[in-house]
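Undergrad: After the structure tokens below, expect a handful of questions from me.
Bear in mind that the values in this text are calculations on the coordinates, not laboratory data. All values reported here derive from a predicted model rather than from experimental measurement. Cβ sites come from the backbone with ideal geometry, for glycine too, and all protein chains shown count toward neighbours.
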């Protein structure tokens, strides 16, 4: 299988082995991943609450979007770098991991939701910028984003529980 | 007086036994703990960033803080409820982990600061605060809470 050989190739690279075998590499990367997740997800959740009409209602939607966006991207960059390095340090640990693949799938869905919102509903924001309760499509995008990012955080934590997965996944024999 | 007997009592408590005997009990509270952490962090950050002159600068400081308050309080309540059984079921590991005590000291400092001094500060007229002290207050808050998160993660990794 092609993906498997790609992962195996990466797993055997000297820099991957070096990172995997260093004593503090994993603790530093994982701690960095959690702290930068707080920056990214924390600010994304604050934005989503505004879109859903649930929080931060004293600030117009465009203010939240424009002023938090650079910090969300800063957090996203750092958590992506730490996440990719975590992956790079143990590709063959993550290859047979159910939650690793599920998290990546959910990440794609969350990105697609954000993209769809910006290309459609957000175009008309001038008409509802100050509304305490934004129109339904905006609330839907905000609510979906809240649920997806909460799920991504939870499924990411579940990667550590590689045995607590559906039997059919174990039956695939990826280990 | 040593706190060891208290931690031994926690470790032997029926709630701890329940969490150690049930495969899904610990992961489930850990998942909720982490989502609550993100909510809490968001509520802390919007206000700290505002103090630093970043983020929602066109909204009055007091309004940003008032909007964040329920998410801060409820985020913390959930963190506490989901944190206690994790501490209790691994009480002896926690007792002997330097990172646990680091986390608890930083947490105590963060709580007292956030719900007394910082709370007072964000309700004060911004013109009276001047440009300097809000920045110190925001930076201090971010540092302490980041310290709590780092200590917390390291209990599981380096203990």
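Undergrad: Can you find, within region A:51-69, the residue that is farthest from residue A:104 (Cα to Cα) among those that are assigned to a helix (DSSP H, G or I) and at the interface with chain B (Cβ under 9 Å from one of its Cβ atoms)?
TA: A:63
Undergrad: State which residue is nearest to residue A:45 (Cα to Cα) when the search covers only region B:8-28 and only residues that are within 11 Å of chain A (Cβ to nearest Cβ) and part of a helix (DSSP H, G or I).
TA: Going through the qualifying residues, I end up with B:28.
Undergrad: Hey, among the residues in region A:138-175 that are surrounded by 15 or more Cβ atoms within 10 Å (Cβ to Cβ) and more than 14 Å from chain B (Cβ to nearest Cβ), which one's farthest from residue B:35 (Cα to Cα)?
TA: A:169
Undergrad: With the checklist (1) away from chain B (no Cβ under 14 Å); (2) surrounded by 19 or more Cβ atoms within 10 Å (Cβ to Cβ); (3) outside any loop (DSSP other than H, G, I, E, B) in hand, flag the one item residue A:111 doesn't pass.
TA: With (1) away from chain B (no Cβ under 14 Å); (2) surrounded by 19 or more Cβ atoms within 10 Å (Cβ to Cβ); (3) outside any loop (DSSP other than H, G, I, E, B) applied to residue A:111, the lone miss is (2).
Undergrad: At least 3 residues that are under 13 Å from the mean Cα position of the chain (by Cα) and within 29 Å of residue B:20 (Cα to Cα) in each: list the helices (runs of 4 or more DSSP H) lying fully within region B:72-154 that qualify.
TA: B:98-115
Undergrad: Please work out which one of (1) within 24 Å of residue B:149 (Cα to Cα); (2) out of contact with any helix residue (DSSP H, G or I) (no Cβ under 6 Å at 6 or more places or on another chain); (3) more than 7 Å from chain A (Cβ to nearest Cβ) is the condition residue B:44 fails and give its number.
TA: (2)
Undergrad: Regarding region A:121-131, can at least one residue be identified that is part of a loop (DSSP other than H, G, I, E, B) and within 14 Å of chain B (Cβ to nearest Cβ)?
TA: Yes, region A:121-131 contains a residue that is part of a loop (DSSP other than H, G, I, E, B) and within 14 Å of chain B (Cβ to nearest Cβ).
Undergrad: Identify all residues within region B:49-97 that are crowded, with 17+ Cβ neighbours inside 10 Å, touching a residue at least 60 places away in the same chain (Cβ under 8 Å) and within 10 Å of chain A (Cβ to nearest Cβ); write none if there are none.
TA: B:49, B:50 - these are the residues of region B:49-97 that are crowded, with 17+ Cβ neighbours inside 10 Å, touching a residue at least 60 places away in the same chain (Cβ under 8 Å) and within 10 Å of chain A (Cβ to nearest Cβ).
Undergrad: In region B:112-159, what residues are within 12 Å of chain A (Cβ to nearest Cβ) and farther than 19 Å from residue B:71 by Cβ?
TA: Of everything in region B:112-159, those that are within 12 Å of chain A (Cβ to nearest Cβ) and farther than 19 Å from residue B:71 by Cβ turn out to be B:143, B:147, B:150, B:151, B:152, B:153, B:154, B:155, B:156, B:157, B:158, B:159.
Undergrad: In this structure, does residue A:41 turn out to be away from every other protein chain (no Cβ under 14 Å), part of a helix (DSSP H, G or I) and farther than 30 Å from residue A:13 by Cβ?
TA: It is false that residue A:41 is away from every other protein chain (no Cβ under 14 Å), part of a helix (DSSP H, G or I) and farther than 30 Å from residue A:13 by Cβ.
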